[in-house]
Each structure stands twice: as C-alpha cells, then as structure tokens.
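Just so you know, all these numbers are worked out from the coordinates, no wet-lab data involved. Here the structure is a predicted model, which means the values were calculated and not measured.
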Amino acid sequence: MRARIEPCGDVYAILSLPIFLKTSFRQGFWTHPRQLQRHTLRNQTAWSATKVSAVAFARGEDSRMRRDSDKMARMAERVSFPSTTGPTLHGVIDLPVGDVRGWGVFAHGFTLGKDCPAASRICKQLASEGVGMLRFDNLGLGDSEGDWGDGSFSHKVDDTVRAVEFMNDTRREVRLLVGHSFGGAAAIAGAHDCPTVAAVASIGAPYEPAHVEHNYDALVHRIEADGEAPFLVGGKALTLKRHFIEDVRAADLRERIRTLRRALLVMHSPTDNTVGIANASDIFRTARHPRSFVSLEGADHLLTGKNQAARAARIISAWADPYL
C-alpha cells in the first residue's frame, strides 16, 4: 500500500498509514492515526482560512489602489497652451490638496518630459502639500506638438515663461519656479521675465547650459559640418541641429544668477555623476541673498531612487513657504 501525500498549509500530511507507521517506529516516535487526522484537519482549516484572508487582502489592496488612482486622476488637470514658436504644448496641473498655499511651474530636464520621475513625483508631492504645480512637455517631447530639433535653450526659457503666463491668465498666480537639470538653468534664466515669481529652486542644474554638450559630444563635429545629426534618446531618434549648439554655447547664466533678485534654493547630490556638484558650488557662490543650498546626499541625477524626489519636494515646500 502506497502512502498518499497531500498539502496542508506549509507542510505535507501523510494520510495512508503503513509506510508512515513503519517510518515512525524506525525514527523512534509514533503518532496515533486519529491524532494525525485531527492534526491534518486543523492544518487544512488553517490553510483555508489563510487562503480566504489572502484573497480578501488582495481584493482590498486592489480596491484601495483603484481608489488612489481615481483620486490622483481627479487631482490632475490636463491643459495645453501655445508655445512661443507656435506649436501647442501639453501639460498637467497637479492640483493642490486641501488649502491652497500657492502655485508653481516645473521645468523638466534636457529630453525628459513632464512624466519623468523627477517631474511627476516632485509635483505630486508639492500638490499634496498645498502647492499646485504645472509640468509640461517641451517642444516635440511627450504629448507636445512640434519638432524637438527646432528648439533650443532660448526656446526652453521662453516657453517656461509662457507656462507661467498661462497659469497667471487662469488666475493661478505663479510664485514658485522649480527646474531639474537643464530645466534648472532654464528656470533661473526665465525667472527674470516672470514678475510674479518670488522663489526659484534648482535641482542638479548646470552652471553653464553648454554643459549639456556631454550628452552629444560625439556628434558635434558632424553637426557643425552637416548642420544636423540624428540623436538617439531612450529609443527615440531626435534631430540635433547646429542652431541648438550655437544657442546653448552663447547662453550666459552667470549674469542671470547674479541679478536674479529672487530667493534661490540650490539642491544637488554630491554623488551626481551627470552634472557634478561643482556646478552647485558655482551657482551658489554667484547668487546673492536670499540663497540656500541643500545637499541631496545619496541621490542620483534623475532622482529615481526611493523617496529621493519626494524628499526634494518636501524640502522645497518648507523652504518656499514664506514666498508663496
């Protein structure tokens, strides 16, 4: 007679006895068949209860996630506005939760877009703390129209100013500009043309916009000779043109920093391998008071690690409070 083995929770119960009894006596212990049956029944009952609880928990978590997703959808407003060169730019306003403390605009990095982790997570965290934020895709990126190759640093600055004007026109006066990486430089440069803006926060920003050339340095000679070259980013082919290189090289952020006349928060990670920490030191030394510096130790340039973007947003929220 062969033993029949069935699962009971995390153990197996032997329900046919001859082999079990023989093995039990050989190992020096013995269990009465009725005791074994009762033990098996208890394990089966416990396993069934655990299974029911797990299913209920999973259903509850699924419902909670759907509710959170619906809530976030209700707390975001999709918008569009014309760029300074004509094509329509598309964005999202993360609406403030609870009492409205103020409004801001977020400028994303070089080719990142409004839905990159830094932009999305920072804006959502600020919104959860009462600061509504507009994040938008620059020319030819994400949902926005146009050709990215027709843009430049100057266009990025001008479209950041246009975003502020759009918000102001909808009676949501922008007091805060936040920029990440290349967008940090654009936010500092654009603040001069935004009378309502009282505070600027830069995250991992370069001191010189031309620093961005390290992303395409292998293409520079070809672009200078041919006028343009394909630029592969995240599996998408963009066109990099000569006018972009010439424009970014001509940009002088130093004077813009020195004459900012607005509160400036410089945030940077000491271990940023894309835009080195020396850029933050140069920006901070050039700026005049009120100026502040916060080290985002442990963070990478794109703020993709757990809670890195949310932490940066909480710091910005506390720092910006007097200016909102």
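Things worth noting here:
- Interchain or long-range residues, amide H under 5 Å from residue 79's placed H: 91, 92, 93
- Distant-in-sequence amide contacts of residue 107, defined by a placed amide H-H separation under 5 Å and a gap of 5 or more residues or a different chain, comprise 178, 179, 180.
- Cα centroid separation - region 75-94 against region 286-303, whole Å: 28 Å
- Long-range amide H partners of residue 264 with built H, under 5 Å: 200, 291, 292
- J(HN,Hα) series, region 307-319, from Karplus relation 6.51 cos²θ - 1.76 cosθ + 1.60, nearest Hz, glycine and proline x: 6, 5, 5, 5, 5, 4, 5, 5, 5, 4, 4, 5, 5
- Relative to the compact-globule estimate of 2.2 N^0.38 Å, the Cα radius of gyration of region 233-324 comes out at 1.30.
- A convex hull fitted around the alpha carbon atoms of region 110-216 yields 106 Å³ per residue.
- Calculated from backbone phi, Karplus (6.51, -1.76, 1.60) coupling profile of region 165-181 in Hz, x at Gly/Pro: 4, 4, 4, 4, 5, 9, 6, 10, 5, 7, 10, 10, 10, 10, x, 10, 6
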